[in-house]
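Report on one structure; see the data block that follows.
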Amino acid sequence: MIWRKTVAKKSLIAASAISLGAVLLSACGDDSDSGNDAAGGGGDDSITMGFAQVGAESGWRTANTKSVQDSAKAEGIELKFTDAQGKQENQIAAIRSYIQQKVDVIAFSPVVETGWDAVLQEAKAANIPVILTDRAVDSEDDSLYETFLGSDFVLEGEQAGQWLVDNAADADANGDGTINVIQLEGTTGAAPALDRAEGFASTIEAEPTIEVTASQTGDFTRDGGKQVMESFLQSDDTIEVVYAHNDDMGLGAIEAIEAAGKTPGQDVKIITVDAVKDGMTALAEGKINFIVECNPLLGPQLMDLAKKVVAGEEVEPRVVTEETTFTQEQAKAALPDRQY
Ligand code: GYE
């Protein structure tokens, strides 16, 4: 999509990835909690944030929620938190209620990319700044939010695809010269599902033996991944690779693969995104082959940005989180210190 490409470009020029350490340091040195009463608030200096979370669909989301809650507490920011249970209408209702309550700043992780302009116009009219966290919106009007803090999902898809290109020969379990890949997509219409599919597809083009033969949403849940994988396995006995848009769906697929009498990680190679503890454990055990990290610990950066926008300071329009990738050996080394 044009908008996303523009932002990606903008991010290369304008946004510097803030390292977590630097943010933590600066956050430690600043406990001024400056409020912007023009934007609402209770007339004192404390900041109230309304946060509309997607839901609790995955290990990533659980870690993200905890990070936001812990960081708000640490920074003395009053957090009003809602869980939209995966429904856009619930998120819109939560944002409207934050506008009514005249919070100082609204942050949310949009469940899907489109359909936000009306409610964001309402926040703008009420003079309440909005921060997009984790997922982007698809809107022509970038004056509707101050900044977008989160990962580069296209890059994540590219990294997943690159691993497969590099390991193509190894993935051809039945030795017929083609690599039969199935894709477990995230929530339909969500930025990470669209972008992870796009990055993967454009990268595997480099290796014509790789073919995505089926692709379906598992809604970022373990159960969803398991069910879709079960039905794929019933209709196709030649699946050699699973590319799952998150660990949870990959873990569900592992259950289905084992139930079908196959060995995940060997008969069927598995690539996922997130690198939460359960995913990293399966990677270290050899059941997953490669994980692209997506960092859920956005809380410290979010609170830092919130303080700045409430104080009327300029912030970068795009803040990209730093992340890495893990092979099985790297997972073994990283697991003991993994926080989530
Ligand atoms: O990868 C997935 C979660 O938006 C980056 O949402 C997030 C994604 C994450 O459900 O596990």
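The values are calculated or read from the model by the stated rules, or taken from the named source; none is laboratory data. This is a predicted model, so every value here is computed, not measured. Here the Cβ positions follow ideal geometry from the backbone for every residue, glycine too, while neighbour counts run over all protein chains shown. Quick note on the areas: whole protein, heavy atoms, side chains included, nothing else; ligands and nucleic acids left out. Shrake-Rupley method; radii C 1.70, N 1.55, O 1.52, S 1.80 Å.
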Problem set entry | Which numbered condition Asp236 fails, given (1) closer than 12 Å to Val181 by Cα; (2) in contact with a helix residue (DSSP H, G or I) (Cβ under 9 Å, 6 or more places away or on another chain) | (2)
Exercise. So is Ala284 among the small types (Gly, Ala, Ser) and buried (at least 18 other Cβ atoms within 10 Å of the Cβ) or not?
Worked result: yes
Problem set entry | Subset of the stretch 269-281 [within 16 Å of the ligand (Cβ to nearest atom) and either of a type in the set (A, V, I, L, M, F, W, C) or crowded, with 24+ Cβ neighbours inside 10 Å (or both)] | Ile270, Ile271, Thr272, Val273, Asp274, Ala275, Val276, Gly279, Met280
For this session: May I ask you to list pairs of residues, at least six apart or on different chains, whose Cβ atoms are under 8 Å apart, with the first in the stretch 56-74 being crowded, with 23+ Cβ neighbours inside 10 Å and the second being among the hydrophobic types (A, V, I, L, M, F, W, C) and assigned to a helix (DSSP H, G or I)?
Result: Val68/Leu302; Ser71/Leu302; Ser71/Met303; Ala72/Met303
Exercise. Taking Val309 and the conditions (1) part of a loop (DSSP other than H, G, I, E, B); (2) in contact (Cβ under 8 Å) with a residue 60 or more places away in the chain; (3) over 25 Å from Val154 (Cβ atoms), which numbered condition does it fall short on, given that it satisfies the others?
Worked result: (1)
Exercise. Here is a list of conditions, (1) surrounded by fewer than 21 Cβ atoms within 10 Å (Cβ to Cβ); (2) outside the structural domain of Lys66 (by TED's automatic domain parsing), and Val315 meets all of them except one; can you say which number that is?
Worked result: (2)
For this session: Could you look through the stretch 312-335, keep only residues that are in a loop (DSSP other than H, G, I, E, B) and not hydroxyl-bearing (Ser, Thr, Tyr), and pick out the one that is modelled with the lowest pLDDT?
Result: Glu322
For this session: Tell me which of these Ile106 doesn't satisfy, since it passes every other one: (1) in contact (Cβ under 8 Å) with a residue 12 or more places away in the chain; (2) open to solvent by 10 Å² or more (accessible area, probe 1.4 Å); (3) outside the structural domain of Gly265 (by TED's automatic domain parsing).
Result: (2)
For this session: Just name the residue that is nearest to the ligand (Cβ to nearest atom) out of those in the stretch 236-268 that are part of a strand (DSSP E or B) and out of contact with any Gly (no Cβ under 9 Å at 6 or more places or on another chain).
Result: Val241
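Has the stretch 159-178 got any residue that is in contact with an Asp or Glu (Cβ under 8 Å, 6 or more places away or on another chain), within 16 Å of the ligand (Cβ to nearest atom), of a type in the set (S, T, N, Q) and in the same structural domain as Thr213 (by TED's automatic domain parsing)?
no
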Exercise. Can you pull out the residues in the stretch 132-155 that are away from the ligand (no atom under 15 Å from the Cβ) and either basic (Lys, Arg) or under 25 Å from Thr324 (Cβ atoms) (or both)?
Worked result: Thr147
Exercise. In contact with a Ser or Thr (Cβ under 8 Å, 6 or more places away or on another chain), within 20 Å of Asp274 (Cα to Cα) and not polar (S, T, N, Q) - does that describe any residue in the stretch 85-92?
Worked result: yes
Problem set entry | Of all residues in the stretch 291-306 being in a loop (DSSP other than H, G, I, E, B) and touching a strand residue (DSSP E or B) at 6+ places or on another chain (Cβ under 6 Å), the one that is farthest from the ligand (Cβ to nearest atom) | Leu298
Exercise. Can you tell me which of Thr217, Thr221, Thr187 is touching a Phe, Trp or Tyr at 6+ places or on another chain (Cβ under 8 Å), within 13 Å of the ligand (Cβ to nearest atom) and β-branched (Val, Ile, Thr)?
Worked result: Thr187
Exercise. Within the bounds of the stretch 269-282, is there any residue that is closer than 17 Å to Gln328 by Cβ and either assigned by TED's automatic domain parsing to the domain that holds Thr48 or in a loop (DSSP other than H, G, I, E, B) (or both)?
Worked result: yes
